[in-house]
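Peer 1: What follows is a single structure, and I will ask about it in a moment.
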Amino acid sequence: MMLALALCAFSLSPSPAGAAAAPAPLVPYIVGGQEASMAQFPWQVFLLREGEGSAAACGGSIISPTKILTAAHCVDHEGSTATYPAADFLVVSGDSNVEAATLPPTAQLKLVASVRAHPYYTPLPATPGGSAVVKDDVAVLTLTTPLTLSPEEDAQAIGLAGADPAAGTPLTVSGYGKEEGAESAAPNGKLYSTTLAAMSAEACAKELGPVNSAVLLCAVSSNSSTCQGDSGGPLVDGSPSLEVGIVDIGGKNCPVGGTGGFTNVAAPEVRVFIEGSETPPFAARPTASPELKWAGAAPVDFGTLTCEPGAWNGSPALTYTFQAETVAEQVLQSGPSNVFSVPSALVGVPIGCIVQASNPGGVTTDGAGPSPPVASDTAAPSAAITAVKCSGQACTLSITASDPNAVALTLQATGSYTATVKCPKKKSKAKKAKKAAKAAVCHAEKTVKLALKALAPGAYQATVSHLPYGKRITFTVAVTNAAGLRPVKTPVSATILHLPPKNKKGKHNGGGGSGGGGVGPIGLSSG
């Protein structure tokens, strides 16, 4: 059989590996799982390329009678974006063992009329030390004649997912690739499948290094992995099944438990190309990484964390997610705000932030952190009354207050003085006692609140009016931070307001001032 002979003859050499931030170089591989039938995966095809004295094979999926979806690295000259001629490719459907001596009745062999690779596709670097970033690894093949799609032919088209799978979602991948990762190993030609779990974009970046998360999904299994020969094949979700990804990259030598990377068919940058556009929208990419910032040596409870977004191209809208960097990665806050107030329940927990950048091309994720573990706040705030200015019976205080860990502050300013008040009546029948009571003078401590407003970070103004003349007025500013801590010294200042001098008509002039010959505090003490 020509197909079987061709399969025996070709050599499966991997695409060049890039030595990026990942633990091992990345290559377009898939491995493991259990033997599968075409009835389980009727959309699966085998893609054979012959030409220039060599041959290679990949997987693919049927998306219409004349369209096959596969990876761009399955159709390009190794390490470049130049594609092989369409005439070099053969598509086989309905065959779960492409090395069998005879073809099954359901098998259909189709030639390829045209090859389209994504215009933004970037192959893996050809030299060690190059970036591991892979993007838009997708190609669409148009067949010369349509496939017959029916259950009897074990050939059916698969729909494409409209959204990314949530982290932890079980996904199924199928392909004809190697069953072990050794360089010398070769596939046996049978169709296999395995189940993987979807990973979050941030977990994907931690495992694979710098990736274009808008157009790449990650999935992993503890007992299997993707391997050479299954590239271009479908990663599917749900029932009925929808294709969520195209097999793209994985660990060298296909380590069990290794993270696999898949082209995300739900990303508009990818999807619009699949649907026919040669100018799909371009998802945002970070040009400078996000940073997590806090005041002091480490974040503290009741303090704030700020997630600086870094820099992005593509004019995206940004959202921020703060999460506890524990095994469960608990989400603490998510939305447009890049500031998070740390509760006391998080003492001892490191925190990270994730930035999602959305534009017509898709959603790209980048992250910062983790922070050092959150500490208990033990640093007291500081405060001072820097000026007291009075005119007539009104005074204005200038106040500074700050916290070394930027913990929120609560301020209250008061003025107190001793006032003459009516003495309480005493029960007495004697006239003498009544006259004495009338002549008695009593005093009481009066306290008034000052109206307070913030002028700038750390700067405040407090005002009060209708204060009495001739009384010693003591101003006090109570400052408390959100953790309940107070300054070591409480700001206190005192002044005396005097009646202004009389004019020629015997009336007091407007104005007046504080004691001590002018404006300002006459004393500052700690309480």
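Peer 1: Just wondering, is there one or more residues in region 354-362 that are in a strand (DSSP E or B), at positive phi and not basic (Lys, Arg)? Talk me through it step by step, then tell me what you get.
Peer 2: So in region 354-362, the residues in a strand (DSSP E or B) come out as 354-359, 362.
After this cut, where a residue has to be at positive phi as well, the list is 362.
Add one more test, that the residue is not basic (Lys, Arg), and what stays is 362.
Yes, because at least one residue in region 354-362 is in a strand (DSSP E or B), at positive phi and not basic (Lys, Arg).
Peer 1: Criterion first (out of contact with any strand residue (DSSP E or B) (no Cβ under 9 Å at 6 or more places or on another chain), among the hydrophobic types (A, V, I, L, M, F, W, C) and farther than 30 Å from Ser277 by Cβ) does Val339 satisfy it?
Peer 2: no
Peer 1: So, one more: Just checking, how many residues over region 200-248 are within 26 Å of the chain's Cα centre (by Cα) and outside any loop (DSSP other than H, G, I, E, B)?
Peer 2: Residues that pass the stated criteria total 22.
Peer 1: What is the number of the single condition among (1) within 14 Å of the chain's Cα centre (by Cα); (2) without any contact (Cβ under 8 Å) to a residue 60 or more places away in the chain that Ala419 does not meet?
Peer 2: (1)
Peer 1: So, one more: Can you name the condition, by its number, that Trp43 falls short on among (1) crowded, with 22+ Cβ neighbours inside 10 Å; (2) over 28 Å from Asn264 (Cβ atoms)?
Peer 2: (2)
Peer 1: Collect the residues in region 358-376 that are among the aliphatic types (A, V, I, L, M) and modelled with pLDDT of 95 or more, keeping them in residue-number order.
Peer 2: Those that are among the aliphatic types (A, V, I, L, M) and modelled with pLDDT of 95 or more: Val374, Ala375.
Peer 1: Quick one: would you say Ala462 is at pLDDT 95 or above, loosely packed, with under 11 Cβ neighbours inside 10 Å and not hydroxyl-bearing (Ser, Thr, Tyr)?
Peer 2: The answer is no for Ala462.
Peer 1: Take the conditions surrounded by 19 or more Cβ atoms within 10 Å (Cβ to Cβ) and at pLDDT below 90 and apply them to Gly251. Does it pass?
Peer 2: It is true that Gly251 is surrounded by 19 or more Cβ atoms within 10 Å (Cβ to Cβ) and at pLDDT below 90.
Peer 1: Further question: Could you tell me which residue of region 378-404 is surrounded by the fewest Cβ atoms within 10 Å (Cβ to Cβ), considering only residues that are β-branched (Val, Ile, Thr) and more than 15 Å from Leu497 (Cα to Cα)?
Peer 2: Looking at the filtered set, the residue picked out is Thr378.
Peer 1: Within region 249-276, can you find the residues that are over 13 Å from Gly361 (Cα atoms) and either in a loop (DSSP other than H, G, I, E, B) or more than 24 Å from the chain's Cα centre (by Cα) (or both)? Steps first, answer last, please.
Peer 2: Here is the first cut: in region 249-276, the residues over 13 Å from Gly361 (Cα atoms) are 249-263, 274-276.
Of everything in region 249-276, those that are over 13 Å from Gly361 (Cα atoms) and either in a loop (DSSP other than H, G, I, E, B) or more than 24 Å from the chain's Cα centre (by Cα) (or both) turn out to be Gly251, Lys252, Asn253, Cys254, Pro255, Val256, Gly257, Gly258, Thr259, Ile274, Glu275, Gly276.
Peer 1: Would a scan of region 273-281 turn up a residue that is in contact with a helix residue (DSSP H, G or I) (Cβ under 7 Å, 6 or more places away or on another chain), more than 24 Å from Asn405 (Cα to Cα) and either in contact (Cβ under 8 Å) with a residue 12 or more places away in the chain or in the same structural domain as Asp164 (by TED's automatic domain parsing) (or both)?
Peer 2: Quick first cut of region 273-281, residues in contact with a helix residue (DSSP H, G or I) (Cβ under 7 Å, 6 or more places away or on another chain) only: 280-281.
Okay, now just the ones that are also more than 24 Å from Asn405 (Cα to Cα), so 280-281.
If we keep only those that are either in contact (Cβ under 8 Å) with a residue 12 or more places away in the chain or in the same structural domain as Asp164 (by TED's automatic domain parsing) (or both) too, we end up with 280-281.
Yes, because at least one residue in region 273-281 is in contact with a helix residue (DSSP H, G or I) (Cβ under 7 Å, 6 or more places away or on another chain), more than 24 Å from Asn405 (Cα to Cα) and either in contact (Cβ under 8 Å) with a residue 12 or more places away in the chain or in the same structural domain as Asp164 (by TED's automatic domain parsing) (or both).
Peer 1: Among the residues of region 331-353, how many are over 30 Å from Val270 (Cα atoms) and part of a loop (DSSP other than H, G, I, E, B)?
Peer 2: Going through region 331-353 one residue at a time, the tally reaches 5.
Peer 1: Moving on. Output the number of the condition that Ala185 fails; it satisfies all remaining conditions of (1) more than 37 Å from the chain's Cα centre (by Cα); (2) on the phi > 0 side of the Ramachandran plot.
Peer 2: (2)
Peer 1: Related question: Hey, does region 320-330 have a residue that's surrounded by fewer than 17 Cβ atoms within 10 Å (Cβ to Cβ) and among the β-branched types (Val, Ile, Thr)?
Peer 2: There is at least one residue in region 320-330 that is surrounded by fewer than 17 Cβ atoms within 10 Å (Cβ to Cβ) and among the β-branched types (Val, Ile, Thr).
Peer 1: Would you check which residues across region 318-346 are among the hydrophobic types (A, V, I, L, M, F, W, C) and either out of contact with any Asp or Glu (no Cβ under 8 Å at 6 or more places or on another chain) or more than 14 Å from Leu305 (Cβ to Cβ) (or both) and list them?
Peer 2: Leu318, Phe322, Ala324, Val327, Ala328, Val331, Leu332, Val339, Phe340, Ala345
Peer 1: Give region 35-77 a look and list any residue that's charged (D, E, K, R) and at pLDDT 95 or above, or say none.
Peer 2: Lys67
Peer 1: Scan region 385-406 for residues that are of a type in the set (Gly, Ala, Ser), assigned to a strand (DSSP E or B) and over 18 Å from Ala295 (Cα atoms) and report the count.
Peer 2: 4
Peer 1: State all residues of region 328-361 that are touching a residue at least 24 places away in the same chain (Cβ under 8 Å) and under 11 Å from the mean Cα position of the chain (by Cα); if no residue qualifies, say none.
Peer 2: Asn338, Gly352, Cys353, Ile354, Val355, Gln356, Ala357, listed by residue number.
The values are calculated or read from the model by the stated rules, or taken from the named source; none is laboratory data. Since we're looking at a predicted model, the values are computed, not measured. Cβ coordinates were reconstructed from backbone atoms using ideal geometry, including for glycine residues, and neighbour counts include every protein chain displayed.
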